[in-house]
Each structure stands twice: as structure tokens, then as C-alpha cells.
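Peer 1: Input: one structure, supplied below.
The values are calculated or read from the model by the stated rules, or taken from the named source; none is laboratory data. Just so you know, these numbers come straight off a predicted model, no measurement behind them. Positions of Cβ are backbone-derived with ideal geometry, glycine not excepted, and every protein chain shown enters the neighbour counts.
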Amino acid sequence: MIDSIIGWLTGAPANGGGAPRNEPRLALTALLVEAAHSHDHFDERERDVIAHLLEQHFKLPPADARALLAAGEREAEQSAELFGFTRVINERLSFEQRIELIEMLWEVAYADGVLDQYEDSLLRRVGGLIYVPDRERGMARQRVLGRLGLGDTA
């Protein structure tokens, strides 16, 4: 019990194993998973998009990206709030890296080609929590729409 309280306060895992909760890759992955879950339908297409983003962003082999995705899913499942993840992002990532995260979140949100109102709401909240202004968040969205070939109508 004491270990879990100390772990909660410090951000360390209670069982002493696994990746530390203050690891930015894990926090970033958990946020991507949260974006995929925001509309209560997390499918293989979204998992594939997240795995691909992790491979590209962190230059990971596919097996490592899938392992990081699984760890991110566990973290997101165990957390009731975004603040712990966004706190790590704010402490460890530069402004430019936070904008890259917003772009990755947009890619997950548009994995099915359509932006759901819950996805949009989550992107707005995360953007605020990691101090990415609306203008920058909107420009990141436009870049992603262009890369995905969805134009301005999505």
C-alpha cells in the first residue's frame, strides 16, 4: 500500500518493474492511445497508425513499436486523467516536440478519415494542457490533412 502511494506521488510504477511513468515515450504513447479511445472505438486501423507513428518518430523496429504501444495501452487503461501524461510531456519535451505530438494526435484522430467531436475535444484539451496554442494546433491539423490527402473538408 505504501509503495503504491509513493509510486503515485513520484510517478514510479508501484511494482518496481516496467518503464517509469515519467518516461516521455510512454506518456506520448498513452496520449495517442487516449486519442484512439476518445470515441469508444479503438480498432486495428488506429493501432496500426499508432505503431507506425512510433516506428517513425522514435526510429523503432516494428516489434519494439508494438511493445511500446502495448505499454501505452496499459498506462492509459490504468489512468483516470490526462494530467500525468501531459505533465511529463511538458517537463521533458520542447515546444517543437509538443507540436509534433499534436500532429501525431491528429493522425490518430483522422485514422478513419473522419474527425469525431470527441476526438476534436480531446485534441483541444491536450493542446491546452501541453501549452500548444490553438493557432499552432490548427496549423498542425492542416499539415496532417495535407499529408493524408484529406484536404480542408475533413
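Peer 1: Can you tell me how many residues in segment 4-37 are at pLDDT 85 or above and in a loop (DSSP other than H, G, I, E, B)?
Peer 2: Just the residues of segment 4-37 that are at pLDDT 85 or above, to begin with: 23-37.
Within this subset, residues satisfying the condition of being in a loop (DSSP other than H, G, I, E, B) are 23.
Count: 1.
Peer 1: Now a separate question. Is it true that some residue in segment 110-117 is closer than 13 Å to residue 28 by Cα and out of contact with any strand residue (DSSP E or B) (no Cβ under 6 Å at 6 or more places or on another chain)?
Peer 2: Let us first name the residues in segment 110-117 that are closer than 13 Å to residue 28 by Cα, namely none.
Scanning segment 110-117 turns up no residue that is closer than 13 Å to residue 28 by Cα and out of contact with any strand residue (DSSP E or B) (no Cβ under 6 Å at 6 or more places or on another chain).
Peer 1: Which of (1) in a loop (DSSP other than H, G, I, E, B); (2) touching a residue at least 12 places away in the same chain (Cβ under 8 Å); (3) surrounded by fewer than 14 Cβ atoms within 10 Å (Cβ to Cβ) is the odd one out, the single condition residue 115 does not satisfy?
Peer 2: The failed condition is (3).
Peer 1: In segment 84-106, is there at least one residue being charged (D, E, K, R), touching a His at 6+ places or on another chain (Cβ under 8 Å) and either modelled with pLDDT under 95 or loosely packed, with under 12 Cβ neighbours inside 10 Å (or both)?
Peer 2: Of the residues in segment 84-106, the ones charged (D, E, K, R) are 87, 91-92, 96, 98, 100, 103.
Keeping just the survivors that are touching a His at 6+ places or on another chain (Cβ under 8 Å) gives 100.
Now restrict to residues that are either modelled with pLDDT under 95 or loosely packed, with under 12 Cβ neighbours inside 10 Å (or both): none.
Checked against the condition, which is being charged (D, E, K, R), touching a His at 6+ places or on another chain (Cβ under 8 Å) and either modelled with pLDDT under 95 or loosely packed, with under 12 Cβ neighbours inside 10 Å (or both), segment 84-106 yields no hits at all.
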